[in-house]
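The values are calculated or read from the model by the stated rules, or taken from the named source; none is laboratory data. Just so you know, these numbers come straight off a predicted model, no measurement behind them. All Cβ positions, glycine included, derive from the backbone under ideal geometry; neighbour counts span all protein chains shown.
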Amino acid sequence: MATLGLSKVFILDKYFTELQKFWETEKKLQDASSSNEAVHLQRRLLSLSSELVTLRNHLHVGAAGGAAAGAAPTAGTSTGQPAVPPRAPHLLPPPPHAAQPPAPPLHPLPPPPETRWRNVPAAPPQASAGPTPTSGTSGPSGVSGLSASDVEDLIHLRGPLTEDAVVRALQARFYHNKFYTMIGPILIAVNPYTDTCNALTLTAARAHRPELARLVHDAVRHQADSGYPQAIILSGVSGSGKTYASMVLLRRLFDVAGGGPETDAFKHLAAAFTVLRALGTAATPANAHSSRIGHFIEVQVTDGALYRTKIHCYFLDQTRVVRPPAGERNYHIFYQMLAGLTPDERSQLHLEGYSAQDLRYLASPHHRRAEPEDAARFHAWKTCLVILGIPFLDVVRVLAAVLLLGNVQFAESAEGGAEPAGEAELAAAAALLGVAAPALLRGLAMRAPPRTSSARSVRVPATPAAASSARDALAKALYCRTVATIVRRANSLKRLGSTLGTLSSDSTESVHAQEARRASSAGGSRAGARSMAALNDAVRHATDGFVGILDMFGFEDAAPSRLEHLCVNLCAETMQHFYNTHVFKSAAESCREEGVACPLEVEYVDNVPCIDLVSSLRGGLLAALDAECAARGTPEQYVVRIKTAHRGHPRLAEARPPHPRRFAVRHYAGEVAYDTVDFLEANRDAVPDDLLAAFETGTCEFGFATHLFGAELKAMAAQGGAANSGGGFFRASPTVAAEAGSTLTQDFHTRLDNLLRTLVHARPHFVRCLRANSTETPMLFERTTVARQVRALQILETTQLMASGYPHRMRFRAFSGRYRALCRGAGGGASAGAAGSVAGAEGEACGRVLRAVQAAAAPPAPASPAAVRWALGKRHVFLSEGMRQVLERMRRGRREAAAASIQRAWRRHRARPRPAPRPRPAPIARTPPPDPADKCDPALVKRTCSLFGLDLERPPPLPPSRAYTVSGGVKLSYPQQRAVSAEWSDEGGARLRPGDTVLVVGAARRGHLAVQIGSRTVQVPHGVLSPPRAPAPRHHPPPPPAPAPPALA
């Protein structure tokens, strides 16, 4: 054992210790009496197994020769034996109140089947309880010490590049706890289902996910270098971990540019995310924590520091509030509220004796989480509301009213109208909303037909179905507007350095556009130094780019799918098209335009036909839905309309089995069948104005509820108030303006267009998220599930392009500015001449750099098959990913060497002996100390600046140079003749001698005059020229005296 070395002995001892813990935990698992204990022990087994594999790999690193080969079997960790010797198969006991089907054995360490490089066939996974280890032997070409789990970038995979090879590499890295893999600049993230905590809390671990931190650093660096906006775009199916990754990215962004998680700005943003996560997350069959609210976070960074943030929310799944899909749950906040409310709070909210099964909006056979977890999350949610400055009781009053409204049932009265089956829930909901119960009942059960004249409409009783629809519309409106109010409050909080007011969450403008608009208004409204300072500040912040984090909806294949799922999948299709355009299409078109022969033509799937089918304004599925809503049609008529208009379309299919209300769409990630039974109602998204009239200020005692419908109430007041209302409708969800004619799909399409308009002007950084399995089992990799996502996200095509094509291009000037230090004599170019000659000279300089780098550089990775090639176009340098990595590596080495040289010179300078400093003169004897009253009073200076409109931090600009001089009280304009009073010369050969007379043509920079010498104009200091002389006044001769009058006789 001594031949192993001291470090090997410690690792071996640690291995046996962890192995003993593993066996003890396995024995406890067999004797577990409860499901909670079994789950805890199972997680402990997974953690120990990962630790054992890590230790085993450490033992095999560098273990070549007879000593290591002889010690490995002793440790029981040879390549032919599993890392954990199986003792007995252990099974998780089934949850209570459930049948006990024969469960498959759970492996403590799932077997990574990738044992060598891709061109070595791997053995199929064994069905035994023990895992199959990975080998650290070299590949067929003699590459030592590398396996598929060590490949950080997929472009360096050896052998034929196939989909199976990519999946095997991801699987090998997955079982070595490496969940992030690069494809050039694109990051692949596999969700292991082990991180379920909130990454924005102060207790979350800080030293994790270095790949995401590197991505944030790159985005901030690009923004600081170029001033160009940056956008980190996360995409993937539902349950792939996009929300968790976005929270980690946001935290890293604050670490880099925002001062860290201890700042008030981060605490406010983390509190807003915690509140919105509970309000917008629900359990679906594919994801227990499915985010139903998409968000785009703009973090504006100025001079490397965070300036302000804005959250854009995209809320689509509103129908879930009143009608969750079969087998799914309502939003988490309802269950957490019921579990976390105290008895006094339940009494105050009229929820005594209610459970989730007693409330119609929550009643579902879906299994709930443990109540202690719900209660703890509710208390954290309550604390976050306090941080945001939102009254907790106001929000829970609205949520409780929504739940109680769901229990208000309507029956048909003797007159044929609707009457409540029970008045207890109606009275409780009315009390929570601050309105009278008769007024609320009147808004629900009475309707006025649309007015055709100025006469007041007569209200008639509504049918029970219409009253129930109005009740559900009110519940959706209350919930959606509460979410919008919280977002608006989060955006209105004071940010770092924010001096330009607040932002509204209903606005679809970006921070970038709003700042530019503010800058233009500031410049035209006031004059003087104060307006100039405001204008300069606004323009400076508007021209600085932002760093955005986009976490939109993932692709969903629900059965059956509703209108919200169609909009969600349209968003996923749009983001996939954005990716295809930036990665595949732009690279091919740029090579074609500049005459560069692309070595690889990647065949990718273009999803534009599917986007046109859904969102085309001329006959698309959404446009046809709006037309059917306007015509008051039926779901069956809508299906007939779209099938007739798009007969033979390759992306429109027949639902299986055929149904008159269903159709199917072939999306980029698979075929989805949609049921149109609720399409028309969900698209109208309307709440009657008779119902909103109950929330006017004069009749509603709950100010928060009145505030939720403020825009609509103002619109009604402009039309004459509640007395003249009736027969109209407003949108249940908030829009940019209180418009009655817009629909849900129109509003979503507008917001999606605004988002794309913002992303087009930003540099994208892509994160492609994958879910490891379809059952959310921790540390389980299902190859079929991952392969399906790899195929849908076109990861193989991306790897092929990055490995063999030209995915990167840079303009000659930008390339020379970044890499010219890699080659001596590469700088410079044509200083004059036509644009073509200048571009040719710059291209030649870039070519010299690239040839020197290619001749001297090593490959981007050991034995990497990635191509290291480049090409020069008309205006751009085209680079392969391998060449880009080589350039960046050499540039980084050159900069580090230069930094070390500078540090050596500085230390040498500091180490030199210095002469003793001269003693300061002693103060004059009996000098009185300064009077404190003579010192400057900061308050007085601040009041003076405020009085005269001055800004200490930004002084007013210097006035422009005068176009004249003054001599002898007379203005003398240019040009002027002046005499030279002192000898002067410059580097260009111009020379002036005393006594010369020169022509001054104007003022130059500060302290200089523009003097014309021959055909040149040079800048001469004032002191060299004598001051001008004012012309002497002209003295006119006196007029001749008038003739004397003749003398009188």
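Only residues in the stretch 746-775 that are over 19 Å from Ala213 (Cα atoms) count as the first member; pair them with residues that are modelled with pLDDT under 90, Cβ under 6 angstrom, at least 6 apart or cross-chain, and list the lot.
Asp747/Thr735; Arg751/Thr508; Asn754/Thr508; Thr758/Ser510
Take the stretch 328-340 and flag every residue that is buried (at least 20 other Cβ atoms within 10 Å of the Cβ) and in a loop (DSSP other than H, G, I, E, B).
Scanning the stretch 328-340 gives Arg329, Asn330.
Restricted to the stretch 291-338, and to residues that are polar (S, T, N, Q) and modelled with pLDDT of 90 or more, which residue is nearest to Ala484 (Cα to Cα)?
Taking the stretch 291-338 first, the residues polar (S, T, N, Q) are 291, 300, 302, 309, 318-319, 330, 336.
Right, trim to modelled with pLDDT of 90 or more and you get 291, 318-319, 330, 336.
On the way: Ser291: 16, Gln318: 13, Thr319: 16, Asn330: 18, Gln336: 20 Å.
If we take residues in the stretch 291-338 being polar (S, T, N, Q) and modelled with pLDDT of 90 or more, then Gln318 is nearest to Ala484 (Cα to Cα).
Kindly provide the set of residues from the stretch 545-571 that are of a type in the set (A, V, I, L, M, F, W, C) and touching an Asp or Glu at 6+ places or on another chain (Cβ under 6 Å), ordered by number. Show your work before the answer.
Pass one, the stretch 545-571, residues of a type in the set (A, V, I, L, M, F, W, C): 546-547, 549-550, 552-553, 555, 558-559, 563, 566-568, 570-571.
Scanning the stretch 545-571 gives Phe546, Val568.
Please give the helices (runs of 4 or more DSSP H) falling wholly within the stretch 578-683 in which 1 or more residues are touching a Ser or Thr at 6+ places or on another chain (Cβ under 8 Å) and over 24 Å from Ala732 (Cβ atoms).
Numbers: elements: 586-593, 608-615, 621-630, 635-645.
So the answer is 608-615, 635-645.
Can you spot a residue in the stretch 265-286 that is charged (D, E, K, R) and assigned to a strand (DSSP E or B)?
Applying the first criterion (charged (D, E, K, R)) to the stretch 265-286 yields 267, 277.
Restricting the remaining residues to those that are assigned to a strand (DSSP E or B) gives none.
There is no residue in the stretch 265-286 that is charged (D, E, K, R) and assigned to a strand (DSSP E or B).
Quick check: anything in the stretch 464-475 farther than 30 Å from Ala231 by Cβ, of a type in the set (Ser, Thr, Tyr) and modelled with pLDDT of 90 or more? It would help to see each step written out before you state the result.
Taking the stretch 464-475 and keeping what is farther than 30 Å from Ala231 by Cβ, we get 464-475.
Checking which are of a type in the set (Ser, Thr, Tyr) leaves us with 468-469.
Keeping just the survivors that are modelled with pLDDT of 90 or more gives 468-469.
For the stretch 464-475, residues farther than 30 Å from Ala231 by Cβ, of a type in the set (Ser, Thr, Tyr) and modelled with pLDDT of 90 or more: present.
For Pro778, only one of the following conditions fails: (1) modelled with pLDDT under 90; (2) touching a helix residue (DSSP H, G or I) at 6+ places or on another chain (Cβ under 7 Å); (3) of a type outside the set (Lys, Arg); (4) surrounded by fewer than 18 Cβ atoms within 10 Å (Cβ to Cβ). What is its number?
(1)
Does at least one position in the stretch 882-905 carry a residue that is assigned to a loop (DSSP other than H, G, I, E, B) and buried (at least 19 other Cβ atoms within 10 Å of the Cβ)?
As a first pass, look at the stretch 882-905 and keep what is assigned to a loop (DSSP other than H, G, I, E, B): none.
No, the stretch 882-905 contains no residue that is assigned to a loop (DSSP other than H, G, I, E, B) and buried (at least 19 other Cβ atoms within 10 Å of the Cβ).
Residues to consider are Ala421, Ala430; find the one that is crowded, with 21+ Cβ neighbours inside 10 Å, free of Cβ contacts under 8 Å to residues at least 24 places away in the same chain and either touching a His at 6+ places or on another chain (Cβ under 8 Å) or not aromatic (Phe, Trp, Tyr) (or both). Before the answer, list the steps.
On the way: Ala421 fails: crowded, with 21+ Cβ neighbours inside 10 Å.
Residue meeting the stated conditions: Ala430.
The conditions are (1) closer than 29 Å to Asp678 by Cβ; (2) crowded, with 21+ Cβ neighbours inside 10 Å; (3) in contact (Cβ under 8 Å) with a residue 12 or more places away in the chain; (4) not aromatic (Phe, Trp, Tyr), and Cys591 fails exactly one of them. Which is it?
(1)
Can you run down the residue pairs with Cβ atoms below 7 Å, 6 or more apart or on separate chains, where the first is in the stretch 311-323 and without any contact (Cβ under 8 Å) to a residue 60 or more places away in the chain and the partner is surrounded by fewer than 22 Cβ atoms within 10 Å (Cβ to Cβ) and assigned to a helix (DSSP H, G or I)?
Filtered contacts from the stretch 311-323: no entries.
Quick grid of which residues meet (1) within 29 Å of the chain's Cα centre (by Cα); (2) under 27 Å from Pro461 (Cα atoms):
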{"site": "Glu373", "(1), (2)": "yes, no"}
{"site": "Ile390", "(1), (2)": "yes, no"}
{"site": "Leu393", "(1), (2)": "no, no"}
{"site": "Val408", "(1), (2)": "no, yes"}
{"site": "Glu412", "(1), (2)": "no, yes"}
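Give me the pairs: first residue in the stretch 356-378 and closer than 18 Å to Ala428 by Cβ and among the aliphatic types (A, V, I, L, M), second residue at pLDDT 70 or above and not in a helix (DSSP H, G or I), beta-carbon distance under 8 Å, and six or more apart or on different chains, which are they?
Pairs found: Ala356/Leu362; Ala356/Ala363; Ala356/Ser364; Leu359/Asn407; Leu362/Arg329; Leu362/Asn330.
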